[in-house]
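Student: Next up is a structure, given as structure tokens.
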């Protein structure tokens, strides 16, 4: 009876470890890809990372000292092809054409976020 109990407990621990790996492995891969795009990958924190296995895309927030010139908490989208897109934080200033270009970048990013980052 004692051997049977140990065997069941061992199988439960093994199943728990495999399920934890199964759910965390994609998130770890997403974080690794996003870190590879940052200038200082050692000083980052992630939050709200969600991976969609159906589409292969991921979304979340990264709090970094610098990501392409921007700092602080920034939303990102990891596309299925491995491309990482960060929320454009361009200020809406300058001439009318510069303002329109900045708004276009933000609208394009919002369209990507709407298409890939909805939680179902």
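Every number in this text was worked out from the coordinates using simple rules, so none of it is lab data. Please read all numbers here as calculations on a predicted model, not as lab measurements. Note: ideal-geometry Cβ built from the backbone for every residue, glycine included; neighbour counts use all protein chains shown.
Student: Students often get this wrong: which residues of the stretch 96-114 have the backbone nitrogen under 16 Å from the point 7 angstrom along Cα-to-C-beta of residue 75?
Tutor: The answer is 103-114, whose backbone nitrogens lie closer than 16 Å to the label point.
Student: What spacing in nm lies between the two simple spin-label points modelled at residue 83 and residue 33, each 7 Å away from Cα in the Cβ direction?
Tutor: 1.2
Student: Among 110, 78, which comes first, second and so on when ranked by fewest other beta-carbon atoms within 10 Å?
Tutor: The order, fewest Cβ neighbours first, is 110, 78.
Student: Classify the stretch 26-116 as rounded, prolate or oblate from the Cα gyration tensor: take a ≥ b ≥ c as the square roots of its eigenvalues, call it rounded if a/c is under 1.5, otherwise prolate when a/b beats b/c and oblate if not.
Tutor: Details: a/c = 2.63, a/b = 1.42, b/c = 1.85.
Verdict is oblate for the stretch 26-116.
Student: Where does each of 81-89, 30-38 land if you order them by average Cβ count within 10 Å, highest first?
Tutor: Most protected by this proxy first, the peptides run 30-38, 81-89.
Student: Another question, then. Round to the nearest 0.05 the FRET efficiency obtained for residue 63 and residue 99 when R0 = 25 Å and r is the Cβ-Cβ distance.
Tutor: Here the calculated transfer efficiency is 0.35.
Student: Among 75, 116, which comes first, then next, by fewest other beta-carbon atoms within 10 Å? Each step should come with its number before you reach the end.
Tutor: Working: 75 16, 116 19.
Ordered by Cβ neighbours within 10 Å, fewest first: 75, 116.
Student: Let me ask another. Rank these for me by crowding, 1, 79, going from fewest to most other beta carbons within 10 Å.
Tutor: 1, 79
Student: Here's something else I'd like to know. Just to be sure I understand the model, the point goes 7 Å from the Cα along the line to the Cβ. What's the resulting residue 6 to residue 110 distance in nm?
Tutor: Taking the simple label geometry, residue 6 and residue 110 are separated by 6.3 nm.
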